[in-house]
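Undergrad: My questions all concern the structure below.
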Amino acid sequence: MPRRPILLLDLPPEILILIFYHLDLPTLTACLATNRRVKSIIDGSTLLQYRLAAQAACVEDNPWNTKVDSAHKLLALQRREAAFTELVPTSICSVELDDIDLDACRYALSGGVFAMMALDTRVLRWLSLATTEPVFQQLEFPGYLQDLALAIPEDDLLVVVLSPDPLEGQLAFEVAVELRFYEMSTQSAHRMARDHVIPVSISGASSPVFEIETFGPNVFLLVDYFDSAEDTEVAADLRHLFIYDWKLGCLLKSFDNYSTAIFLSPDVILLAQMVSGTFELWAISEGTVSGPDISLKLPALTKPGKYEILAIESNPKGYVSSQEPFRPSFDDSSVGFDIVLQFEDESVEDLLLVISRRALLQLLPAAEERGKVLLWRDWGPPISHWPDNPDGPLSDWPTTICGHRCALVGPAGHIRLADFNPYSYKKFLQAERDDPGVGLTTAVVSVRDKDRLIGAGLFGEEVRANLGYLVIESWTTRHLYIGIFVGENSIAGLKKPVVPGCLHTATLLTGK
């Protein structure tokens, strides 16, 4: 008599839980409808409930954190999501700032560390949101600060651009600066850097502006001389971008005629062309950069004008190695493009384009198709969000995107949080169908429907937002914010002084 084959459901529940754990969210959700036993196993397993909640929230479990069990991870994740969804933080504190020009400062928020610096000064101020009563601490440098970048969860990294003298209004032909790399936890030279100082010499024009971005071992330095020339084509030649391996201290590649860039992965960088409205994806292989592998065109304009990509923003800056129980999914994180359309009739339009990192990387062609060019209609519509941008350019306040969330200032100075998580969008629509208005007590949640017409009269082709998203707004507490920053578990807002001459404050809202 032949043996009856062993079926999947004949296995012990402990084995089935380990099998189900490796399924993605759609498959695991589908399993719930398979039969009563499968549903009972999934519903009764804290590990699988945490797995479901983590995937729906677009976060990844931190396998290195073995001190926290699944039940506590699930509770922490639920509290975090509730804090962001309802904009009711678990804690709020305000920290007074000096009476300084906040518009002239540079900011960063990473791994619970908020840092700020004024241009052409020697002091960086920072605080940790992990403390119950955060207080600004100061870090002094042997030169004048021009920009900063943080990658705390990834590499405990602080990067600064220092100049030997103040650069505002400087007319010197040769500009010498340094890239310096520090461990934020110790404020000492970073132990992973072969040389924690990289000198950079730039010949060109006056009053340079710097921008730095990190990813793993890679860092780019963008030097912008745009204000020093009236002619656009000359100004384009005076934007230089350098890519370094900061751990080895060597230059990988330099570029001209690109307005900004971002690392999409350890081995792919996206470069935004000046004027033409084109994104290029370049591969970084074994310390060399050659490309572009693919060029992505933005929609054609209806009248004479040009594109300018002011900034590209995304967080986290790499694969996180922190001690947190979970972390925002790097692959599912959003990339925001701050776009300005400048027309010859002197009209100007600000736009914000958001695309998931995973979708951009999936556009990379096979080796035999390397160098291909795609028009907007052939790549953009299925993967693009065009969110409302009520308070001007995204580039004014960096660190405004983390994971799948984008924080902006609403018209009343309140927090406006855009959530591009497709699961949150679907869940909210289903909840509204089942019970309209359910749960909308502390924040106003609105839906930006898909298939919305974007930029009527701006483009030579019909441009629609084919992806929907949620907007969460806190109207109950109008704090008169002028800048909002969002991190892995927190939001920081810069608040105007109510009375002239009073101190500015940074309001910190955490959702742990």
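The values are calculated or read from the model by the stated rules, or taken from the named source; none is laboratory data. Quick caveat, the model's predicted, so the values are computed rather than measured. Methodologically, a virtual Cβ is constructed for each residue, glycine included, from the backbone with ideal geometry; neighbour enumeration extends over all protein chains shown.
Undergrad: For the subset of the range 467-495 comprising residues that are part of a loop (DSSP other than H, G, I, E, B) and crowded, with 16+ Cβ neighbours inside 10 Å, which member is modelled with the lowest pLDDT? Steps first, please.
TA: So in the range 467-495, the residues part of a loop (DSSP other than H, G, I, E, B) come out as 467-468, 474-480, 487-489.
If we keep only those that are crowded, with 16+ Cβ neighbours inside 10 Å as well, we get 467-468, 474, 479, 487-489.
Values: Leu467: 85, Gly468: 85, Ser474: 76, His479: 61, Gly487: 83, Glu488: 83, Asn489: 82.
By that ranking, first place goes to His479.
Undergrad: For the range 47-98: of the residues being in contact with a Gly (Cβ under 8 Å, 6 or more places away or on another chain) and not in a helix (DSSP H, G or I), which is farthest from His404 (Cα to Cα)?
TA: The selected residue is Thr90.
Undergrad: Only one of (1) closer than 22 Å to Leu252 by Cβ; (2) without any contact (Cβ under 8 Å) to a residue 40 or more places away in the chain; (3) touching a Gly at 6+ places or on another chain (Cβ under 6 Å) is not met by Ala130, so which one is it?
TA: Evaluating Ala130 over (1) closer than 22 Å to Leu252 by Cβ; (2) without any contact (Cβ under 8 Å) to a residue 40 or more places away in the chain; (3) touching a Gly at 6+ places or on another chain (Cβ under 6 Å) leaves (1) as the failure.
Undergrad: Might you check whether a residue that is exposed (fewer than 14 other Cβ atoms within 10 Å of the Cβ) and of a type in the set (Lys, Arg) occurs anywhere in the range 56-75?
TA: yes
Undergrad: Taking Ile312 and the conditions (1) crowded, with 21+ Cβ neighbours inside 10 Å; (2) over 14 Å from Leu360 (Cβ atoms), which numbered condition does it fall short on, given that it satisfies the others?
TA: The number of the failed condition is (2).
Undergrad: When the residues of the range 387-406 are filtered to those that are more than 18 Å from Ser329 (Cβ to Cβ) and modelled with pLDDT of 80 or more, which remaining residue is surrounded by the fewest Cβ atoms within 10 Å (Cβ to Cβ)?
TA: In this case the residue turns out to be Pro387.
Undergrad: Right, here's the next one. Determine if the range 17-34 includes at least one residue that is in the same structural domain as Lys73 (by TED's automatic domain parsing), touching a Cys at 6+ places or on another chain (Cβ under 6 Å) and hydrophobic (A, V, I, L, M, F, W, C).
TA: no
Undergrad: Taking the residues in the range 6-38 that are of a type in the set (D, E, K, R) and outside any loop (DSSP other than H, G, I, E, B) as candidates, determine which candidate is surrounded by the fewest Cβ atoms within 10 Å (Cβ to Cβ).
TA: Applying the first criterion (of a type in the set (D, E, K, R)) to the range 6-38 yields 10, 14, 24, 36-37.
Narrowing further to those that are outside any loop (DSSP other than H, G, I, E, B): 10, 14, 36-37.
Numbers: Asp10: 10, Glu14: 9, Arg36: 7, Arg37: 11.
It comes out as Arg36.
Undergrad: Between Leu296, Leu270, Leu301, which is within 17 Å of the chain's Cα centre (by Cα), modelled with pLDDT of 85 or more and farther than 20 Å from Asp155 by Cα? Full working, then the answer.
TA: On the way: Leu296 fails: within 17 Å of the chain's Cα centre (by Cα); Leu301 fails: within 17 Å of the chain's Cα centre (by Cα).
Selected residue: Leu270, the only one of Leu296, Leu270, Leu301 that is within 17 Å of the chain's Cα centre (by Cα), modelled with pLDDT of 85 or more and farther than 20 Å from Asp155 by Cα.
Undergrad: Then there is this: Tell me which of these Ser45 doesn't satisfy, since it passes every other one: (1) in contact (Cβ under 8 Å) with a residue 24 or more places away in the chain; (2) surrounded by fewer than 18 Cβ atoms within 10 Å (Cβ to Cβ); (3) more than 27 Å from Arg357 (Cβ to Cβ).
TA: For Ser45, the failing item is (2).
Undergrad: Taking the condition of being within 23 Å of the chain's Cα centre (by Cα) and either hydroxyl-bearing (Ser, Thr, Tyr) or over 27 Å from Val209 (Cβ atoms) (or both), how many residues in the range 273-292 meet it?
TA: 2
Undergrad: Next up: Would it be correct to say that Phe337 is out of contact with any His (no Cβ under 6 Å at 6 or more places or on another chain) and at pLDDT below 90?
TA: Details: out of contact with any His (no Cβ under 6 Å at 6 or more places or on another chain): yes; at pLDDT below 90: no.
Taking the combined requirement at face value, the residue does not satisfy it.
Undergrad: In addition: Which one is modelled with the highest pLDDT among residues in the range 205-224 that are assigned to a loop (DSSP other than H, G, I, E, B) and either of a type in the set (Val, Ile, Thr) or within 21 Å of Tyr107 (Cα to Cα) (or both)? Spell out how you get there, then give the answer.
TA: First, the residues of the range 205-224 that are assigned to a loop (DSSP other than H, G, I, E, B): 205-208, 216-217.
If we keep only those that are either of a type in the set (Val, Ile, Thr) or within 21 Å of Tyr107 (Cα to Cα) (or both) too, we end up with 207-208, 216.
Numbers: Ser207: 72, Pro208: 81, Gly216: 86.
In this case the residue turns out to be Gly216.
Undergrad: Moving to a separate point now. Report, ordered by the first and then the second residue, all pairs with beta carbons closer than 7 Å, sequence separation of six or more or different chains, a first member in the range 371-386 that is in the same structural domain as Leu467 (by TED's automatic domain parsing), and a second member that is surrounded by fewer than 16 Cβ atoms within 10 Å (Cβ to Cβ) and assigned to a helix (DSSP H, G or I).
TA: Partner pairs satisfying both residue conditions: none exist.
Undergrad: Out of the range 340-375, which residues are polar (S, T, N, Q) and either at pLDDT below 90 or touching a helix residue (DSSP H, G or I) at 6+ places or on another chain (Cβ under 8 Å) (or both)? Spell out the reasoning first.
TA: Narrowing the range 340-375 to residues polar (S, T, N, Q): 342, 347, 356, 362.
Within the range 340-375, Gln342, Ser347, Ser356 meet the criteria.
Undergrad: Please go through the range 140-165 and pick out each residue that is out of contact with any Gly (no Cβ under 8 Å at 6 or more places or on another chain), surrounded by 15 or more Cβ atoms within 10 Å (Cβ to Cβ), farther than 28 Å from Asn62 by Cβ and of a type outside the set (Ser, Thr, Tyr).
TA: Phe141, Gly143, Leu145, Gln146, Asp147, Val160, Val161
Undergrad: Still on this model: Considering Phe114, Phe20, which residue is under 24 Å from Ile472 (Cβ atoms) and not acidic (Asp, Glu)? Write out each step before concluding.
TA: Numbers: Phe20 fails: under 24 Å from Ile472 (Cβ atoms).
Answer to the selection: Phe114.
Undergrad: Now, a different point. Which residues, counting only those in the range 238-261, are at pLDDT below 90 and among the charged types (D, E, K, R)?
TA: Arg239, Lys253, Asp256 - these are the residues of the range 238-261 that are at pLDDT below 90 and among the charged types (D, E, K, R).
Undergrad: In this structure, does Arg180 turn out to be among the basic types (Lys, Arg), modelled with pLDDT under 85 and buried (at least 17 other Cβ atoms within 10 Å of the Cβ)? Break it down stepwise before answering.
TA: Details: among the basic types (Lys, Arg): yes; modelled with pLDDT under 85: no; buried (at least 17 other Cβ atoms within 10 Å of the Cβ): yes.
So Arg180 does not fit the description; no.
Undergrad: Can you find a residue that is in contact with a helix residue (DSSP H, G or I) (Cβ under 9 Å, 6 or more places away or on another chain), buried (at least 18 other Cβ atoms within 10 Å of the Cβ) and of a type in the set (S, T, N, Q) anywhere in the range 102-117?
TA: Scanning the range 102-117, I find at least one residue that is in contact with a helix residue (DSSP H, G or I) (Cβ under 9 Å, 6 or more places away or on another chain), buried (at least 18 other Cβ atoms within 10 Å of the Cβ) and of a type in the set (S, T, N, Q), so the answer is yes.
Undergrad: Please verify whether Leu167 is closer than 18 Å to Met116 by Cβ and free of Cβ contacts under 8 Å to residues at least 60 places away in the same chain, treating the condition exactly as stated.
TA: When the stated conditions are applied, Leu167 does not pass them.
Undergrad: Are any residues in the range 274-308 crowded, with 20+ Cβ neighbours inside 10 Å and under 22 Å from Gln362 (Cα atoms), and if so, which ones?
TA: If the condition is that a residue be crowded, with 20+ Cβ neighbours inside 10 Å and under 22 Å from Gln362 (Cα atoms), then Gly277, Phe279, Leu281, Trp282, Ile284, Pro292, Ile294, Leu296, Leu298, Pro299 are the ones that fit.
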